[in-house]
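Contents: one structure, followed by commentary.
The values are calculated or read from the model by the stated rules, or taken from the named source; none is laboratory data. Please read all numbers here as calculations on a predicted model, not as lab measurements. All Cβ positions, glycine included, derive from the backbone under ideal geometry; neighbour counts span all protein chains shown. For the accessible areas, the whole protein counts, side chains as well, though only heavy atoms, and no ligand, DNA or RNA atoms are used. Shrake-Rupley method; radii C 1.70, N 1.55, O 1.52, S 1.80 Å.
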Amino acid sequence: MRRFVCKAAGWAQKRWNGHQIADGPDGQVWNIDFTGHNSLTDDLVFRSSADHPQPLFRVLDPRGGVVGETPQMDEELARKMNTAMIRQSVMDGILYEAQRQGRISFYMTNYGEEGTQIGSVSALQPHDMVYAQYREAGVLLYRGYPINDMIAQCIGTIEDKGKGRQMPIHYGSPEHFYQTISSPLGTQIPQAAGAGYAMRLDGEDRVCICYFGDGAASEGDFHAALNFAATLGSRTIFFCRNNGYAISTPAVDQYAGDGIYARGIGYGIRSIRIDGNDTLAVYSATKKARELSIEHNCPVLIEAMTYRGGHHSTSDDSSRYRQKSEVDQWTTGSNPIKRFSKYLESKGWWTSDDEKQVRDATRKEVMVALQRQESLGSWPVETLIEDVFAEPTKHLLKQRQELLEHMEEYAEHYKKKSH
Amino acid sequence: MQAVRRQAAASAKLAARRWGSTEINMCTAINHAMRDALKRNDKTVLYGEDVGFGGVFRCSVGLRDQFGKDRVFNTPVNEQGLIAFGVGLCVAGYDVIAEIQFADYIFPAFDQIVNEVAKYRYRTSSTWNCGGMVIRAPCSAVGHGSMYHSQSVEAFFSHCPGLTIVIPRGPYQAKGLLTAAVKERNPVLFFEPKILYRNSVGEVPDEEYSLPIGQADVVRSGTDITFIGWGTQVAKMLTAADELAGKDISIEVIDLQTIVPWDVETVTASVKKTGRCVITHEAPVTSGFGAELSASIQERCFLHLEAPISRVCGQDTHFPLAFEEFYLPSVPRLVEAGEKVMHF
């Protein structure tokens, strides 16, 4: 039988009848535990997860009024969370425009998903490892990664710890336990399963969280990840940001079942669907997920239903495939920052002045950092061959030598100097 | 068989200088290297499909009993997941030996290997890396494997920067190179010619030892032609060399051992000495690793060459069951190539 018993909750319980079935298979060879359930049936019925849509767990109503049980949260934490959401939003606004002006080559915003990001990271420990996709910058910002360093990466200056090698928004930081972003979709998901397994073996108070979108969840890597994490027992929280779109592909073209939640169930993983734009719900669910993962040494899946408020990236114009009315409806009707602010205001923890202060301070901080980074140089060409291997090989040293000699001799053809 | 015995004799000499050695086959040698790796570092894990009970080729026999289910385990049938899981473990501070059941099945993991394993260090400026990973897979012809149990896949990966590829020719090399591969702080693809698991037997020191990665082995000295190959081809090159010696053609046989990064110095010194070169591998000739060697050697040794560089490889077909003996770069084809190159 399974070493780590992770029984999926859900609609199997409807068939429990309290009797031990005497003449049916016990399911052991198939790793199926029929105890307390029928193992045989006369019904020639075919079922689909689409028959049983799972409701969204939520604490706040769309306007921010409390309708569920609020988690324990003090004023300091709540303000820190709201501040981070607003800061991310302000930074996005300026850097998006900076791309339009040609000051950075590419950018992706997080509009509408601030709640999924900050609500979840705030419920974790600072040393819990994060594997992300690309629309989780708020997670890193919340943990204290400097805006200056983010912009350094976007421009690829000498202060970019990534040595200018990757496209913008491919952040990473060991100090903040945030794995460097890679462009291929979904590759991080089974890696997070491996990291969570390491954490189980290490036995420390630590989990790994993995963020990905509804589109990435179609990748083979996603399925591999969930199955591995469940069978091998990984302390991994799989956090799906279901924002309705994968570039232009709407959810109707991405899956036919009951979203990503049903897949968690399918792999035997404790799963929940939540209102991703309800920061309190995100916080509660992530906190609970972390507890479950450590207690049972198993993965947990959270499907956070949200909406991508902006375009996929600066290379996309979403007006080509969705109505502005739909965007407006979501931006006004289910706005994570507005809902959470409303909750804080009701507790006397936040005012519109606070919001203005945060916006103004952040705007200034981003502008100063942007101007500063634009004045800095980039990494020297010599670094081209570093980090391919632990030490550059003779092949690479020879190639670098040839390149530098070439750049010296043909210097007038190149903007960069060889030294 | 002659060639295999010669190998055994050479390593036995070495073994005689050490404390203890045993005559074992390549499968057992690999088992011992993995056992040593698991013993050396508590944070080393070994896993793959069917690895738990000992593996379909018996390479991991006894290891789960000795080191426990958390460290030696089965995974679900999923190669992309298998490799990616290892990335996460590596980055979390573990050393990983990941087994792909047949090299023919490594392709689902190609994205993870090329886009993640190989690039992890580069994209993080060495903040993190997958240097603790060794990916092992049985490769090459076995006599009855056909298209999906016989492939040699080194060329596909040789094109990707950041990967190290090692292929042993026998038990002594397998144990030493695998030990080195585990210790190496770069990700290594370790392809094991499956026909050698049982067929290749030799004296292997009982204690732990490493052989250098990136170093070729001149298995036989000669003056007329340099033969370069790896894995199963090494024994064939030696047999062909015996035959050619009977025709007064002296062959220098080099086992490349590490495909990437390959030993440029040893190879170019040899070709400059002999002036003639034959490269041989089972993989199809077009864009096989012989093509890279050929281009590099002629760049460096052009003025020393007496004849074009010759390649004796599989044809550009898929691996055929019925025609295996005609497809493979056999001893007669090597002898023919030697004669042609000599009399160019």
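So here's what we get for this one:
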{"item": "Within the range A:46-95, tally of residues that are of a type in the set (Gly, Ala, Ser), closer than 22 Å to residue A:359 by Cα and part of a helix (DSSP H, G or I)", "result": "4"}
{"item": "All strands (runs of 3 or more DSSP E) inside the range B:226-344 with 2 or more residues being β-branched (Val, Ile, Thr) and open to solvent by less than 30 Å² (accessible area, probe 1.4 Å)", "result": "B:251-255, B:258-260, B:277-284"}
{"item": "Which numbered condition residue A:231 fails, given (1) within 14 Å of residue B:88 (Cα to Cα); (2) out of contact with any Phe, Trp or Tyr (no Cβ under 7 Å at 6 or more places or on another chain); (3) within 9 Å of chain B (Cβ to nearest Cβ)", "result": "(1)"}
{"item": "Number of positions in the range B:281-327 that are in contact with a Leu (Cβ under 8 Å, 6 or more places away or on another chain) and not hydrophobic (A, V, I, L, M, F, W, C)", "result": "3"}
{"item": "Residue within the range A:107-124 that is polar (S, T, N, Q), touching a residue at least 60 places away in the same chain (Cβ under 8 Å), touching a helix residue (DSSP H, G or I) at 6+ places or on another chain (Cβ under 9 Å) and open to solvent by 10 Å² or more (accessible area, probe 1.4 Å) present", "result": "yes"}
{"item": "Pairs, first within 14 Å of chain A (Cβ to nearest Cβ) and aromatic (Phe, Trp, Tyr) in the range B:154-178, second open to solvent by 10 Å² or more (accessible area, probe 1.4 Å) and outside any helix (DSSP H, G or I), C-beta under 7 Å, six or more apart", "result": "none"}
{"item": "Enumeration of residues in the range B:288-312 that are under 30 Å from residue B:144 (Cα atoms) and in contact with a helix residue (DSSP H, G or I) (Cβ under 6 Å, 6 or more places away or on another chain)", "result": "B:288, B:289, B:310, B:311, B:312"}
{"item": "Hits in the range B:93-103 (condition: open to solvent by 10 Å² or more (accessible area, probe 1.4 Å) and more than 9 Å from every other protein chain (Cβ to nearest Cβ))", "result": "B:95, B:99, B:101, B:102"}
{"item": "Selection within the range B:72-92 - open to solvent by 30 Å² or more (accessible area, probe 1.4 Å) and more than 7 Å from chain A (Cβ to nearest Cβ)", "result": "B:74, B:77"}
{"item": "Tally, over the range B:159-179, of residues that are closer than 18 Å to residue B:40 by Cβ and open to solvent by 10 Å² or more (accessible area, probe 1.4 Å)", "result": "0"}
{"item": "The listed residue being open to solvent by 20 Å² or more (accessible area, probe 1.4 Å) and more than 29 Å from residue A:339 (Cα to Cα), out of A:270, A:290, A:263", "result": "A:263"}
{"item": "Filtered residues of the range B:41-60 (kept if more than 9 Å from every other protein chain (Cβ to nearest Cβ) and touching a Ser or Thr at 6+ places or on another chain (Cβ under 9 Å))", "result": "B:46, B:48, B:49, B:50, B:51, B:52, B:53, B:54, B:58, B:59"}
{"item": "Residue within the range A:331-340 that is within 23 Å of residue A:146 (Cβ to Cβ), free of Cβ contacts under 8 Å to residues at least 24 places away in the same chain and open to solvent by less than 100 Å² (accessible area, probe 1.4 Å) present", "result": "no"}
{"item": "Residues (part of a strand (DSSP E or B), open to solvent by less than 30 Å² (accessible area, probe 1.4 Å) and under 17 Å from residue B:169 (Cα atoms)) located in the range B:202-225", "result": "B:202, B:204, B:205"}
{"item": "Residues satisfying the stated conditions in the range A:342-352, i.e. assigned to a loop (DSSP other than H, G, I, E, B) and buried (at least 17 other Cβ atoms within 10 Å of the Cβ)", "result": "A:349, A:350"}
{"item": "Residue A:391 being open to solvent by 70 Å² or more (accessible area, probe 1.4 Å), farther than 25 Å from residue A:58 by Cβ and either without any contact (Cβ under 8 Å) to a residue 40 or more places away in the chain or away from chain B (no Cβ under 14 Å) (or both)", "result": "yes"}
{"item": "Residues (in contact with a Phe, Trp or Tyr (Cβ under 8 Å, 6 or more places away or on another chain) and either more than 11 Å from chain A (Cβ to nearest Cβ) or crowded, with 20+ Cβ neighbours inside 10 Å (or both)) located in the range B:108-133", "result": "B:110, B:113, B:120, B:121, B:129, B:130, B:132"}
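Listed here are the residues, each with its yes/no results for (1) open to solvent by 30 Å² or more (accessible area, probe 1.4 Å); (2) in contact with a helix residue (DSSP H, G or I) (Cβ under 8 Å, 6 or more places away or on another chain); (3) of a type in the set (Phe, Trp, Tyr).
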{"site": "A:326", "(1), (2), (3)": "yes, no, no"}
{"site": "A:374", "(1), (2), (3)": "yes, yes, no"}
{"site": "A:380", "(1), (2), (3)": "yes, no, no"}
{"site": "A:404", "(1), (2), (3)": "no, yes, no"}
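Per-residue answers, yes or no, for (1) among the aromatic types (Phe, Trp, Tyr); (2) in a loop (DSSP other than H, G, I, E, B); (3) out of contact with any Leu (no Cβ under 6 Å at 6 or more places or on another chain):
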{"position": "A:169", "(1), (2), (3)": "no, yes, yes"}
{"position": "A:200", "(1), (2), (3)": "no, no, yes"}
{"position": "A:217", "(1), (2), (3)": "no, no, yes"}
{"position": "A:223", "(1), (2), (3)": "no, no, yes"}
{"position": "A:238", "(1), (2), (3)": "yes, no, no"}
